[in-house]
Amino acid sequence: MDEKRKKWSASLIRDIVDCIRDQEGNRIIPIIGQGAYQVVDDDIKYSIQQFIVKKVLENEKIPLQPTEDILDKYSNGYRGMTELSKLCSENRLTLQRQIKELFSDNANVRKISIDSDVLTFLERGEFPLILTTCNFRWLENHVTWQGRDYSVIAYRTGKDQDIKMEDGRNVVPAIFHLFGYVGQDRNVVITENDFLRYLHCIQDTNTRPERLKKYLENKYILSLGCEIPDWTFRFLLYSLKEKDGKLGGMSEEDVFDGGALSKAMDENLYSFLSNINYFPSQNINEFLKDVNEQLKPEKKPSVFLSVNSDEYELGEQVKQILSSKFNVWFFKYNGGVQYWKDIEEGIYKCDYFIPLTTSITIDKMLDDKSKIDNREAGVITEMRLALKHKTEDLGEKKYCFPLLHKISRGLLIKALEMGKCPDLKSLFFAPEGNEHIMIPIEELTAEKVWKHIMR
């Protein structure tokens with residue numbers, strides 16, 4: 001494709017942003033494909049499919065080494081997965097079981113990352129509905145909608161798997177796995193036969209998700225990294241967006257009626273999308289950078305919300321409340337060296353530190369070593385990281401604003417003075433006085449916290 005055809009107008013970018021910020025509701029529906037992700041394993045970058053193939057071939061029952069040629073052979077889309085499934089069967093293995101075990105291992109999942117421009121687009125766009133053609137779960141653990149977790153829907157070729165609506169008009173925020181996902185049940189797209197069965201069901205009036213199709217009628221699809229075959233992408237697009245037997249747009253260069261961006265897009269798909277007035281491009285990053293720049297939000301103060309591991313539900317409530325005024329950093333997944341590296345980075349990046357301090361926190365302050373493995377409690381480690389940051393980098397700046405939940409100021413002071421971590425008193429209390437916030441959760445508002453911090 002020549003350089004000229006890769007460009008887009010500033011008007012087109014503005015139109016996309018206007019669709020996202022439409023007063024009647026966000027009109028852009030992103031579809032995220034495997035091409036938006038990468039895996040780094042032993043300092044080598046792989047596509048998702050290459051990584052799957054590599055891990056499956058490491059099974060001692062399979063007499064093949066993951067050479068470059070072998071990886072290429074089995075990483076060739078659904079055809080490659082079909083051949084890999086045959087290879088597994090010949091060696092008394094089941095491909096779906098192998099993939100399920102792969103994605104059940106947190107060490108493997110942590111090696112997956114999404115393109116940073118795609119992630120920024122999803123975060124700034126705040127899309128109430130995100131579609132994905134990926135058959136693994138990742139997005140729902142890394143993206144939220146206005147501080148709330150997305151519900152997760154997996155289409156399993158039946159009528160009961162569909163989006164839910166509020167007040168008959170607004171969709172309940174959801175990530176919709178169009179091809180199902182590994183681990184839920186056997187109705188997931190992995191091989192060519194799975195894909196053909198899915199394509200049959202998605203266009204069959206008896207089995208297609210009717211509410212999803214209805215919801216998409218006045219919305220615009222933007223697919224990112226969907227590297228499925230040319231004709232099947234056309235079929236999928238038609239099944240989701242066809243109305244009265246037609247599929248097309250307004251044929252105006254500065255108006256967005258839908259589009260597809262993929263680094264692996266071929267000439268035939270490019271021509272097809274252009275003919276129906278959809279926007280095609282191989283330049284995912286350059287395009288999204290232009291959109292993301294227009295979507296850049298007003299700067300919100302960032303807060304690190306520190307929560308006991310057995311009180312994450314309470315933490316989610318607080319996060320949702322604070323998100324209207326603050327960018328809330330709340331990391332609720334445990335495990336490994338990378339976990340604590342991410343925690344420390346989050347603490348150092350945030351403007352303020354808000355520990356959700358409860359009776360459980362007090363117990364950990366009184367005895368901050370676990371009786372089981374003698375390790376320091378996680379929230380205590382977070383507090384000490386915050387104290388180190390405040391001491392070394394922030395000086396006397398007001399920084400820590402503990403939210404006391406069903407405990408008194410006196411109990412907190414007693415725990416700090418009599419417990420195992422008196423060093424934390426200088427984190428909770430500034431030289432000029434108390435910084436704590438005592439607001440019952442049911443009365444908590446972001447505005448109250450904002451006023452407390454800014455006074």
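Each Lys or Arg adds one and each Asp or Glu takes one away; over the other residues whose Cβ falls under 14 Å from the Cβ of GLY25, this sums to -3.
A 1.4 Å probe run over the chain, with the rest of the protein chains in place, finds 49 Å² accessible per residue. Taking the average, over residues, of other Cβ atoms within 10 Å as the packing measure, peptides 314-321, 42-49 rank 314-321, 42-49 from highest down.
Beta carbons within 10 angstrom, averaged per residue: use that to sort the peptides 30-40, 95-105, highest first.
Values: 30-40: 21.5, 95-105: 16.5.
The densest-packed peptide leads the list: 30-40, 95-105.
Using the average count of surrounding beta-carbon atoms within 10 Å as a protection proxy, the listed peptides 129-136, 266-273 rank, highest first, as 129-136, 266-273.
Against the chain, whose longest principal axis is taken from its Cα atoms, helix 192-203 shows a tilt of about 90°.
Rounded to the nearest whole angstrom, the semi-axes of the ellipsoid equivalent to the chain, taken from the Cα gyration tensor as √(5λ), stand at 44, 28, 20, largest first. Percent of C-alpha pairs per 5 Å bin in the stretch 1-160, short distances first: 1, 7, 14, 17, 16, 14, 12, 9, 6, 3, 1, 0.
Using a 1.4 Å probe on the protein chains only, how many percent of the accessible area of the chain belongs to carbon and sulfur?
The value for the chain is 46 percent carbon and sulfur by accessible area.
Against the 2.2 N^0.38 Å scaling, with N counting residues, where does the stretch 75-174 land? I'd like the Cα-based Rg ratio to two decimal places.
1.33
So what's the angle, to the nearest 10 degrees on a 0 to 90 scale, between helix 95-104 and the longest Cα principal axis of the chain? Between helix and principal axis, roughly 20 degrees. For LYS219, give me every one of the lysines with a C-alpha distance below 21 angstrom, ignoring sequence neighbours fewer than eight places off in its own chain. Cα-Cα hits under 21 Å: LYS164, LYS241, LYS243, LYS246.
Relative to the dominant Cα principal axis of the chain, helix 409-418 is inclined by about 80°.
When TRP138, TRP329, TRP8 are compared by accessible surface with a 1.4 Å probe, the order from highest to lowest is TRP329, TRP8, TRP138. Estimated from helices alone, the mean residue ellipticity of the chain at 222 nm is -12000 deg cm²/dmol (sum of -39500 (n - 2.57) over DSSP H runs with n ≥ 4, per residue).
The values are calculated or read from the model by the stated rules, or taken from the named source; none is laboratory data. Small disclaimer: the values here were computed from a predicted structure and weren't measured. Using ideal geometry, Cβ is built from the backbone for each residue, glycine included, and neighbour counts are taken over all protein chains shown. Protein only, heavy atoms only, side chains kept; ligands, DNA and RNA dropped before computing areas. Shrake-Rupley method; radii C 1.70, N 1.55, O 1.52, S 1.80 Å.
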